[in-house]
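Q: First, the structure itself, so that you have it in front of you.
The values are calculated or read from the model by the stated rules, or taken from the named source; none is laboratory data. Bear in mind that the values here come from a model prediction, so they are computed numbers and not experimental data. Note that we place each Cβ from the backbone using ideal geometry, even for glycine, and neighbour counts take in every protein chain shown. Note: areas computed on protein heavy atoms with side chains; ligands, DNA, RNA excluded. Shrake-Rupley method; radii C 1.70, N 1.55, O 1.52, S 1.80 Å.
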Amino acid sequence: MERRKTGRPSKGLRKRKPLQLPVELAAAAEEQAKKYGMTFNDFCARLLSDHLNEQGVTVNYQQQEQLMTA
């Protein structure tokens, strides 16, 4: 019998970057992430990715939702 993988697809290699934010900023970001149905990390990564792309820096970032529909 073949064993099936469970859980979400891999998001690929990741690098941990601890981040300390002012309490009010962190709370606001967590609230917005929840509003959009995203994790805090995905929300921050999306903001950073969008900003870098606007600055002409090409980054390849995929959210979990994009992986699920691929």
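Q: Output the residues belonging to segment 27-45 that are among the small types (Gly, Ala, Ser) and touching a residue at least 12 places away in the same chain (Cβ under 8 Å).
A: Ala29, Ala45
Quick grid of which residues meet (1) assigned to a helix (DSSP H, G or I); (2) at pLDDT below 95; (3) aliphatic (A, V, I, L, M); (4) open to solvent by less than 100 Å² (accessible area, probe 1.4 Å):
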position: Gln20; (1), (2), (3), (4): no, no, no, no
position: Glu24; (1), (2), (3), (4): yes, no, no, no
position: Gln32; (1), (2), (3), (4): yes, no, no, yes
position: Met38; (1), (2), (3), (4): no, yes, yes, yes
position: Arg46; (1), (2), (3), (4): yes, yes, no, yes
position: Glu65; (1), (2), (3), (4): yes, yes, no, yes
